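Structure first, then comments.
The values are calculated or read from the model by the stated rules, or taken from the named source; none is laboratory data. Small disclaimer: the values here were computed from a predicted structure and weren't measured. Note that we place each Cβ from the backbone using ideal geometry, even for glycine, and neighbour counts take in every protein chain shown. Areas reflect the complete protein model, heavy atoms only, side chains present, ligands, DNA and RNA absent. Shrake-Rupley method; radii C 1.70, N 1.55, O 1.52, S 1.80 Å.
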Amino acid sequence: MALTACSIVVTVAAAARSTVPGTPEQPRLPALQADSLAARYAANHRFIARSERAARDMGDTGRATVLGRLAREDRHFLSFSPRGDGQAVEVLGDLAHADRIAVVVPGSDTTVDTFDQLGTVYASLNGGARSLHAEMTKLQPDRKTAVVAWYGYPAPRTMSRDIVSTDRALDGGRRLAGLLGDLRTVNASASVSMLCHSYGSVVCATALRRMDATAESSLADVVLYGSPGTGVRSRAELHTRVPVWAGRGATDWIEGVPHVSLDLLGEQVGFGTDPVTAAFGARIFPAGAGSHSDYLRPGGLALRNISLIALGRGTEVSHD
């Protein structure tokens, strides 16, 4: 997430996937609302299982193994696609009746193949979401919570030109803003937090600027962690009343990324002001000594503080 690929430290690698020949057609899903969640989960479960069989039949055992994990009966997906790098939006907890909903927005190198495993387990989208849900439950067991692991946009690869551009974030922000509207349809009384890691913080910033007043009315907090920037110069340019938090681990390599933004032939390159500086204007939360993939590590300070914010207890963020 710098101006050139050589300024990026690669912490993980994930090879791109082509569409598996013979992949079944996407099912027609029921509209997203509280009374249709069970039917939607069931339809996606059947689709994932069919996709696993198709991958196995075509000899793609790697993808079949991945899909086999996703197809477990105890997992619930709002949406799913196995095509290319895929798409997967998983729900942990009771979405329709939760008091607080946290939406985890991932950064680069997220694919269906890395959804469950990216380096360490907690660094993957599913692993981090599960750590978050467990921590929120531990901190406040009497509160109904849900976590949405949102891989709903084509995340860029670390070693690609997309990683320094806002192009993927523009598409992702539109989709994420749509999800926030859908969540309000499912559960209008819940407070929602967007938790945005790395390039995901650019996606979240774009969603904020595209979000209508109705969707934003459910939004309680936006949390940026391991962020290369947001594509704007300051929090004020996000044009939102929602509290925006930012934190960075003491050993996160993202600190070394040049915080600039340039218009090159009509394309924005770089993401501007560092969100943890006073110039940006976010609320700063301590994130401990961790590195770029450690924010949702069980037992870590960052996970505790992010969970407190997602629970609406931001005044309790601690330093140790």
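General observations
- Scope segment 31-54; condition assigned to a loop (DSSP other than H, G, I, E, B) and either aromatic (Phe, Trp, Tyr) or open to solvent by 40 Å² or more (accessible area, probe 1.4 Å) (or both); matching residues: 31, 33
- Residue match in segment 7-30 (condition: modelled with pLDDT of 50 or more, polar (S, T, N, Q), open to solvent by less than 30 Å² (accessible area, probe 1.4 Å) and in a helix (DSSP H, G or I)): no
- Within the set 193, 160, 165, the sole residue that is modelled with pLDDT of 95 or more and of a type in the set (S, T, N, Q) turns out to be 193.
- Meets criteria (out of contact with any Lys or Arg (no Cβ under 8 Å at 6 or more places or on another chain) and open to solvent by 10 Å² or more (accessible area, probe 1.4 Å)) for residue 76: yes
- Members of segment 173-222 that are within 17 Å of residue 128 (Cβ to Cβ), part of a loop (DSSP other than H, G, I, E, B) and either among the small types (Gly, Ala, Ser) or open to solvent by 30 Å² or more (accessible area, probe 1.4 Å) (or both): 198
- Whether a residue is over 19 Å from residue 91 (Cα atoms) and either open to solvent by less than 20 Å² (accessible area, probe 1.4 Å) or not small (Gly, Ala, Ser) (or both) was assessed, and residue 120 passes this test.
- Qualifying positions in segment 63-116 - of a type in the set (Ser, Thr, Tyr) and assigned to a strand (DSSP E or B): 79, 81
- Residue count, segment 235-256 (criterion: in a loop (DSSP other than H, G, I, E, B) and surrounded by fewer than 21 Cβ atoms within 10 Å (Cβ to Cβ)): 7
- So residue 140, is it among the polar types (S, T, N, Q), under 16 Å from the mean Cα position of the chain (by Cα), over 21 Å from residue 224 (Cβ atoms) and surrounded by fewer than 21 Cβ atoms within 10 Å (Cβ to Cβ): no
- Complete set of residues in segment 135-166 that are within 20 Å of residue 78 (Cα to Cα) and not in a loop (DSSP other than H, G, I, E, B): 145, 146, 147, 148, 149, 150, 151
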